[in-house]
Amino acid sequence: MLKNNILILFLASVFSINLFAQNCTGNCENGTGIYTLDYVGTYEGTWKNSLKHGEGTLSFKNGNKYVGDFLNDSAHGKGTLTLNSGDKYVGDF
C-alpha cells in the first residue's frame, strides 16, 4: 500500500510540474541542464528534445526527491523516490 501511495504522490507531482514558470541553466533542449521551477523545485540532468530524458534528479521544495531514469519527460526505469517523511521507494518506475 505504501508503494502505491508513494507512486501516486510522485506521479501527481511530475504531471503538475510543467504548470509553473521556469528557468534553465545549461542546455535544457539537448544536453545537460538545471531547470528551476518556481514554487516547485529543480530538475538537474539530461534533456532530449526539451524533455527530461536519461539520468536526472528531481528535487521538490517540500523535500521530496527522485533520482533515476527519465524517458520523454516522465520517471521511467530505475530510480529512488525519497519522501520528506523519510519513506523511500527504490525500484522501477
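The values are calculated or read from the model by the stated rules, or taken from the named source; none is laboratory data. Just so we're clear, the structure is a prediction, and the values are computed from it rather than from any experiment. Virtual Cβ from ideal backbone geometry, glycine too; neighbours counted across all protein chains shown. Just the protein is used for accessible areas: all its heavy atoms, side chains included, with ligands, DNA and RNA removed. Shrake-Rupley method; radii C 1.70, N 1.55, O 1.52, S 1.80 Å.
List of remarks:
- Yes/no for LYS61 being modelled with pLDDT of 90 or more, open to solvent by 70 Å² or more (accessible area, probe 1.4 Å), under 22 Å from GLY86 (Cα atoms) and of a type outside the set (S, T, N, Q): yes
- Matching residues, the range 70-93, being touching a helix residue (DSSP H, G or I) at 6+ places or on another chain (Cβ under 8 Å) and of a type in the set (Ser, Thr, Tyr): SER74, TYR89
- Inter-residue pairs, beta-carbon under 7 Å, first within 16 Å of PHE70 (Cα to Cα) and in the range 26-51, second part of a strand (DSSP E or B) and among the aliphatic types (A, V, I, L, M), 6+ apart: THR42/ILE34; TYR43/LEU58; GLU44/ILE34
- Residues within the range 36-61 that are over 24 Å from ASP92 (Cβ atoms) and of a type outside the set (Val, Ile, Thr), tallied: 5
- The C-beta contact set for the range 64-92 (first residue within 14 Å of GLY41 (Cβ to Cβ) and free of Cβ contacts under 8 Å to residues at least 40 places away in the same chain, second residue of a type in the set (Gly, Ala, Ser) and surrounded by 12 or more Cβ atoms within 10 Å (Cβ to Cβ), distance under 8 angstrom, 6+ apart or interchain) comprises LYS65/SER59; VAL67/GLY56; VAL67/GLY79; ASN84/GLY63.
- Yes/no for PHE70 being at pLDDT below 95, open to solvent by less than 50 Å² (accessible area, probe 1.4 Å) and touching a strand residue (DSSP E or B) at 6+ places or on another chain (Cβ under 8 Å): no
- Leading residue by the ranking (modelled with the highest pLDDT) among those in the range 13-39 that are open to solvent by 60 Å² or more (accessible area, probe 1.4 Å) and in a helix (DSSP H, G or I): ASN18
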